[in-house]
4 protein chains.
Amino acid sequence: MIIVLKKDATETDLKHIVETVREWGFNTSVSQGVERTVIGIIGDESLLRGKPLEIFPGVESVLRVLKPYKLASSEFHADRTRVLVPAVVEGEAPAEIGGREITVIAGPCSVETREMLFEMAEFVKKNGAKILRAGAFKPRTSPYSFQGLGEEALKYLSEVRKEVGIPIITEVMDTKDVEKVAEVADVLQIGARNMQNFNLLRAVGRIDKPVLIKRGLSATLEELLMSAEYVLSEGNNKVILCERGIRTFETFTRNTVDISAVPVIKRESHLPVMVDPSHGTGHWDLVTPMACAAVAAGADGIIVELHPRPEEALSDGPQALLPKRFAALMEQIGSVARAMGRSV
Amino acid sequence: MIIVLKKDATETDLKHIVETVREWGFNTSVSQGVERTVIGIIGDESLLRGKPLEIFPGVESVLRVLKPYKLASSEFHADRTRVLVPAVVEGEAPAEIGGREITVIAGPCSVETREMLFEMAEFVKKNGAKILRAGAFKPRTSPYSFQGLGEEALKYLSEVRKEVGIPIITEVMDTKDVEKVAEVADVLQIGARNMQNFNLLRAVGRIDKPVLIKRGLSATLEELLMSAEYVLSEGNNKVILCERGIRTFETFTRNTVDISAVPVIKRESHLPVMVDPSHGTGHWDLVTPMACAAVAAGADGIIVELHPRPEEALSDGPQALLPKRFAALMEQIGSVARAMGRSV
Amino acid sequence: MIIVLKKDATETDLKHIVETVREWGFNTSVSQGVERTVIGIIGDESLLRGKPLEIFPGVESVLRVLKPYKLASSEFHADRTRVLVPAVVEGEAPAEIGGREITVIAGPCSVETREMLFEMAEFVKKNGAKILRAGAFKPRTSPYSFQGLGEEALKYLSEVRKEVGIPIITEVMDTKDVEKVAEVADVLQIGARNMQNFNLLRAVGRIDKPVLIKRGLSATLEELLMSAEYVLSEGNNKVILCERGIRTFETFTRNTVDISAVPVIKRESHLPVMVDPSHGTGHWDLVTPMACAAVAAGADGIIVELHPRPEEALSDGPQALLPKRFAALMEQIGSVARAMGRSV
Amino acid sequence: MIIVLKKDATETDLKHIVETVREWGFNTSVSQGVERTVIGIIGDESLLRGKPLEIFPGVESVLRVLKPYKLASSEFHADRTRVLVPAVVEGEAPAEIGGREITVIAGPCSVETREMLFEMAEFVKKNGAKILRAGAFKPRTSPYSFQGLGEEALKYLSEVRKEVGIPIITEVMDTKDVEKVAEVADVLQIGARNMQNFNLLRAVGRIDKPVLIKRGLSATLEELLMSAEYVLSEGNNKVILCERGIRTFETFTRNTVDISAVPVIKRESHLPVMVDPSHGTGHWDLVTPMACAAVAAGADGIIVELHPRPEEALSDGPQALLPKRFAALMEQIGSVARAMGRSV
């Protein structure tokens, strides 16, 4: 941590800071510049982070030297993390997120009926998706919208998982549901609106299942990494990050997919990163180009929504791909993956 | 709901939409314009909201006629809602949020020690605050930061409440804590990061205590009203809204306090609205000007943080007012309130 | 400037930086911390600003010690600047922006007709506005919208100025028009879309008339101060800053008025600061509450639009106050000003 | 245009609106819904756009049916526009922006010296760039930063163009420089900060050279298309759009590149669209992944900065690629282009 003093800071101000910081067990190095005095604090910066150094008399600003995430940082863990999702069918290969292969997660937004779920599960498995997505608990802006089938949906998910033989990812919204969802799901999803639901992050940090964390609507990438840190610090290191669009002033798209999140996370962290172009754009016709962009930027996977009859979807119909368009998407991202030296 | 067709939409497209909408039980009125055909749908718009009309062939855009909130809207409830917080001390007047008087909620960011809590409670009560704020459970970006004293803090809050005789507001972060917190607190706070924790909103909608909902960091005011709608639709109509700053690109302030939220909410809703200039700005020297601005814009109250020794605060020290500065703030907002025909 | 090295930076990296920086004529102070090596650079930071220190091998980040503005900073000029706009009528007091009095600038969005301009000029002067605003050149998003009457409008402005006896502010959009506009206007306005039209800023820096700079739609306050620096560095120190709303995701308002810009600028700079609640909100019913908020936060003035018949306005009708509502606004901000120890 | 009336609008309100709109020469169709009365206005919507319908008594909201751009819209011009930049060397093929081939524009941020300019021009031509970029006039946030060599740079550009045989793109910042720049440049660039400098847009609309318009830092895509409309409406239809990052709250990147701008513009408009990952990210290590993403999303070209010795760059060094890295980028986007059925 570095403290920059105001131009008119006094000797007393300087002394007060140096003494306080030393009392806390840190060393200091004071450097008298042409226009400013600067105090370097030497010691474990993480112990300093809570301290309100900004308000000591004479302080103009406080500059952080270290990044606040540790377990999530690429410095901590030089090799890239590969999250394995074991196959449901004996003998099939596990899905590996963060390796050479690009993992596709696909499925309907919500579990609407048992029949539709099975139809989609079979379709996406046949077309190369490694994991099935489908919401049982749906976070909806309006209390009057379809809220998901809840436990009934979990039952269907459990059945489709075994019968079709495909691992499941589904969202958990409440600490009290974590166990219940973890019994069914192979991967637990923390939704964008819960990215900073710290109790929930801690709860999924204590189970032994992969966790996919979606970036919050106005979360910085540093905050996303700090949310991963919550899960990691509880002992669960199977964390997957997911860019799903941030909120900006643009109105043609539901959100603005920040594709640069992919190379930034790859530089800052060892954790795998996926992109959700369905929620990111909100319009089915933008999903395939953005999926291709994500793969070209180095994403470890994509997560997309499809629906057999989008006109009848109970949630997020406008962003759902028709099955035939999903098949075309798989082909196109396959080409891009090969161009990047990877495969789907 | 109004559907605008594409220039090149066909008769078949038009027919398909009209027929589908009629099957759903709505009437339609088709208007052939110079450049576009427009279909008006007549019936209960709320039943239409989930439907993905955007993806019907030939549709260019779908225009919403009605606002999605009902119970929270000023249309629903012509008089302004006044939320009463009963006094702890027999014989004292209740705090009334949404009336002529401007309510001040003040206290430390977190409960740090029993002693400091009592010191602050006495000070703020003596200086005109009607409700004491102090966090027991603290949502922190980093798992390594002080997370609040939790249940120990609830105990201190319960004691200070009775002994000093001041109602308490404190944050609840988890559905499983709602009961526990409601036993102690006079007002439950839903923090900005939980504004769209819909399970939590429903849970506080089922208790009989006032609820203060903070606007999320990137929430629109419509979404804030929809979160209120969750609480109201469960039967709890003691809802207070709170503007606490939104996230923008500006860096001098921690957030950007959207003061215009005050007159917008007053126009759109009957619910009272407060402003939190401490979190909104992140810097103690900006708190008083922004508190005055909030009162001048018509806010029903403000919520501010203070600390006896901000240098030692365990959370949010830079935005904490010294007690003497809080006293000065009370005087200044008193003047502004009188200028607006109100009182503090 | 402070350079933080990467954890794995080598001795060679360190030596290369230290030597390069010394070649540039700076001293360095190297501090070996627990986790990082930090290099302090001692010398005139402004000479370093262009240098891409970030890309030297081994560098993790570069921390700025000083703020980039000088002439605009409160450090440079301890007293607050008061910009005088001389009265048009002999014997009348000049308008003083930045003093005890709050200056109101009012008028129609555009000069539409000579008659309407005179009507409004007389009305606002009688009701306490010190300066008349009205656009001759209008920056419009669409080439098909009314673009202002241009030179014809300048002629009317010149006439109304003399006949009604009120100083004029009007926008200049093009370097080639600066002289022409400066012949008529008492204050030149740089619009939000031109806040970083650096040639234009330099051009108005070379004339001897006050300049009001509106904050750009996505400009940080630091950038606003840097735009002021352009004008100041050319020798014109009569600069007024104006907050007029920034672009966010909120849709109830046209822009989000950042009222905290007022106390931030007052702390960072000696320049006076005004607020434009008309453009800031885009809706007439929000103008008065936000004008009151601006005054309560310490603004040195406000700038508002009115129109005798908003239904017929050629630009920005929805945000124009009716004359009678403007009169009410004057009364209300008068009360708030008195509460703040100032006057209108 | 569709007008939604308030629930409590009166018959008089309705009559007043219908009569006024008819006086303006439009027809109306009134539809009495369950909760709202809705008025459809039939006629040329563009003539209505300036009218402040929002403020008529009884009006709740006004819904736009048509998009405000015409000449720029894909509806106006069914085929995609291909902008040709004639070769400098006789016999060489012109660069075609918007066709099957992906056009790469590359060069240093600024013209710094004649020698470096020649070195870079030769390098980029040899490595497949079709157009050389280099700034003569530089818009800089600080008046104390390097502002470009101006006319001296134009001279060098003219020389390098002929001697190396590569077309030139350079920025024009001022209406008074348009002619001068157009004499040298093959393509004129409108910078992000001038995207809404409407006089400048009109001025480049009157010359017969291609114009590349960069999206403003907080411009919506609709506004970008409206800026194109300014140029098109003056008769110049050689317009290229360029996404270069928008301003958000994220701090790891200088801006947030909105890759979804590419498919949105392709849907909404017939104009070609490029991406600038150098300004978009601000960091050289993010340039190649984002260039690949742009190509995968369907961009018609990319524009990148390189520098022989980024450590010595006078502007934007941190985002400049080393020549060898530029060569690698060309290879990588070549692979992606082929995967998309295109070439570089």
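The values are calculated or read from the model by the stated rules, or taken from the named source; none is laboratory data. Here the structure is a predicted model, which is why all the values come from computation and not from measurement. Glycine also receives a Cβ, built like all others from the backbone with ideal geometry; neighbour counts cover every protein chain displayed.
Would you check if A:LYS125 is within 14 Å of chain B (Cβ to nearest Cβ) and touching a residue at least 12 places away in the same chain (Cβ under 8 Å)? Criteria not met by A:LYS125. Exactly one residue out of B:VAL164, B:VAL204, B:VAL178 is assigned by TED's automatic domain parsing to the domain that holds B:HIS279 and either in contact with a Leu (Cβ under 6 Å, 6 or more places away or on another chain) or on the phi > 0 side of the Ramachandran plot (or both): that is B:VAL204.
Only a single item in (1) more than 19 Å from D:GLY135 (Cα to Cα); (2) of a type in the set (D, E, K, R); (3) in contact (Cβ under 8 Å) with a residue 60 or more places away in the chain is not met by D:ASP208, and it is number (3).
Say we look at the stretch A:233-248 and pick out the residues that are in a strand (DSSP E or B) and over 14 Å from C:PHE249 (Cβ atoms); which of these is nearest to the other protein chains (Cβ to nearest Cβ)?
Filtering the stretch A:233-248 for residues in a strand (DSSP E or B) gives A:239-243, A:246.
Still in the list and also over 14 Å from C:PHE249 (Cβ atoms): A:239-243.
On the way: A:VAL239: 13, A:ILE240: 18, A:LEU241: 13, A:CYS242: 16, A:GLU243: 11 Å.
Only one residue tops the list, namely A:GLU243.
Residues that are at pLDDT below 95 and either touching a helix residue (DSSP H, G or I) at 6+ places or on another chain (Cβ under 8 Å) or part of a strand (DSSP E or B) (or both) within the stretch C:111-142 comprise C:PRO139, C:ARG140, C:THR141, C:SER142, listed in sequence order. For the stretch D:302-328, a residue qualifies if it is surrounded by fewer than 24 Cβ atoms within 10 Å (Cβ to Cβ) and in a helix (DSSP H, G or I), and the qualifying residues are D:PRO310, D:GLU311, D:GLU312, D:GLY317, D:PRO318, D:PRO323, D:LYS324, D:ARG325, D:ALA327, D:ALA328. Remark: B:GLU90 matches the filter, which requires a residue to be assigned by TED's automatic domain parsing to the domain that holds B:GLY301 and either at pLDDT 90 or above or acidic (Asp, Glu) (or both).
Looking at C:ALA313, is it in contact with a Ser or Thr (Cβ under 9 Å, 6 or more places away or on another chain), aliphatic (A, V, I, L, M) and farther than 22 Å from C:GLU171 by Cβ? Don't jump to the end; show me each part of the working.
Numbers: in contact with a Ser or Thr (Cβ under 9 Å, 6 or more places away or on another chain): yes; aliphatic (A, V, I, L, M): yes; farther than 22 Å from C:GLU171 by Cβ: no.
No; evaluated as a whole, the condition is false for this residue.
Among C:ILE168, C:ILE131, which is the only one that is away from every other protein chain (no Cβ under 13 Å), touching a Pro at 6+ places or on another chain (Cβ under 9 Å) and among the β-branched types (Val, Ile, Thr)? Before you say what the answer is, go through the steps one by one.
On the way: C:ILE168 fails: touching a Pro at 6+ places or on another chain (Cβ under 9 Å).
Checking each option against the conditions leaves just C:ILE131.
Taken as a whole, the condition of being more than 13 Å from chain B (Cβ to nearest Cβ), closer than 30 Å to D:GLU222 by Cβ and either out of contact with any Leu (no Cβ under 6 Å at 6 or more places or on another chain) or in a loop (DSSP other than H, G, I, E, B) (or both) does not apply to A:GLU183.
Say whether the condition of being at pLDDT 95 or above, in contact with a Ser or Thr (Cβ under 9 Å, 6 or more places away or on another chain) and assigned to a loop (DSSP other than H, G, I, E, B) is met by at least one residue in the stretch A:72-80. Taking every residue of the stretch A:72-80 in turn, at least one turns out to be at pLDDT 95 or above, in contact with a Ser or Thr (Cβ under 9 Å, 6 or more places away or on another chain) and assigned to a loop (DSSP other than H, G, I, E, B). The requirement of being in a strand (DSSP E or B) and away from every other protein chain (no Cβ under 11 Å) is fulfilled nowhere in the stretch B:147-154; no residue meets it.
Going through A:VAL257, A:VAL262, A:VAL344, A:VAL273 one at a time, which residue ends up being among the β-branched types (Val, Ile, Thr) and farther than 26 Å from A:SER227 by Cα?
Working: A:VAL257 fails: farther than 26 Å from A:SER227 by Cα; A:VAL262 fails: farther than 26 Å from A:SER227 by Cα; A:VAL273 fails: farther than 26 Å from A:SER227 by Cα.
From the options A:VAL257, A:VAL262, A:VAL344, A:VAL273, the qualifying one is A:VAL344.
For A:GLU183, the conditions (1) surrounded by fewer than 24 Cβ atoms within 10 Å (Cβ to Cβ); (2) farther than 16 Å from A:ALA153 by Cβ; (3) of a type outside the set (A, V, I, L, M) are fulfilled apart from (2).
Name the residue, out of B:GLY280, B:GLY235, that is within 21 Å of C:GLY245 (Cβ to Cβ) and assigned by TED's automatic domain parsing to the domain that holds B:ILE302. Lay out the reasoning, then the answer.
Working: B:GLY235 fails: within 21 Å of C:GLY245 (Cβ to Cβ).
Just a single option satisfies the conditions, and that option is B:GLY280.
Among the residues of the stretch D:60-70, those identified as under 29 Å from B:GLU75 (Cα atoms) and either more than 11 Å from chain C (Cβ to nearest Cβ) or surrounded by fewer than 18 Cβ atoms within 10 Å (Cβ to Cβ) (or both) are D:GLU60, D:SER61, D:LEU63, D:ARG64, D:VAL65.
Consider the stretch A:30-47. How many of its residues are in a loop (DSSP other than H, G, I, E, B) and buried (at least 18 other Cβ atoms within 10 Å of the Cβ)?
Narrowing the stretch A:30-47 to residues in a loop (DSSP other than H, G, I, E, B): A:33-36, A:43-44.
After this cut, where a residue has to be buried (at least 18 other Cβ atoms within 10 Å of the Cβ) as well, the list is A:33, A:36, A:43.
Summing the residues that are in a loop (DSSP other than H, G, I, E, B) and buried (at least 18 other Cβ atoms within 10 Å of the Cβ) in the stretch A:30-47 gives 3.
Of all the residues in the stretch B:58-82, those that are in contact with a Gly (Cβ under 6 Å, 6 or more places away or on another chain) and more than 19 Å from B:LEU221 (Cα to Cα) number 1.
Within the stretch D:12-29, if we keep just the residues that are assigned to a helix (DSSP H, G or I) and among the polar types (S, T, N, Q), the residue that is surrounded by the fewest Cβ atoms within 10 Å (Cβ to Cβ) turns out to be D:THR12. Selection of the stretch C:5-59 for residues being within 14 Å of chain D (Cβ to nearest Cβ), out of contact with any helix residue (DSSP H, G or I) (no Cβ under 9 Å at 6 or more places or on another chain) and charged (D, E, K, R) yields C:ASP13, C:GLU19, C:GLU23, C:ASP44, C:GLU45, C:ARG49.
With respect to the conditions (1) without any contact (Cβ under 8 Å) to a residue 40 or more places away in the chain; (2) over 27 Å from C:PRO143 (Cα atoms), D:GLY25 lacks only one, and its number is (2). Number of residues in the stretch A:330-343 that are surrounded by fewer than 24 Cβ atoms within 10 Å (Cβ to Cβ) and either part of a helix (DSSP H, G or I) or at pLDDT below 95 (or both): the value is 8. Taken over the stretch C:217-238, residues that are within 13 Å of the chain's Cα centre (by Cα) and of a type in the set (Gly, Ala, Ser) amount to 4. Against the test of being under 22 Å from A:ARG247 (Cα atoms) and within 13 Å of chain B (Cβ to nearest Cβ), the options A:LEU286, A:LEU314, A:LEU306, A:LEU321 yield a single qualifying residue, A:LEU286. Within the stretch C:241-277, can you find the residues that are within 24 Å of C:ASP316 (Cα to Cα) and either touching a Phe, Trp or Tyr at 6+ places or on another chain (Cβ under 7 Å) or not assigned by TED's automatic domain parsing to the domain that holds C:LEU221 (or both)? The answer is C:ARG247, C:THR248, C:PHE249.
Are any residues in the stretch B:218-232 under 30 Å from D:SER218 (Cα atoms) and within 11 Å of chain A (Cβ to nearest Cβ), and if so, which ones? Correct list: B:SER218, B:ALA219, B:THR220, B:GLU222, B:GLU223, B:LEU224, B:LEU225, B:MET226, B:SER227.
For the stretch C:249-281, a tally of residues being among the aliphatic types (A, V, I, L, M), out of contact with any Lys or Arg (no Cβ under 9 Å at 6 or more places or on another chain) and within 7 Å of chain B (Cβ to nearest Cβ) returns 3.
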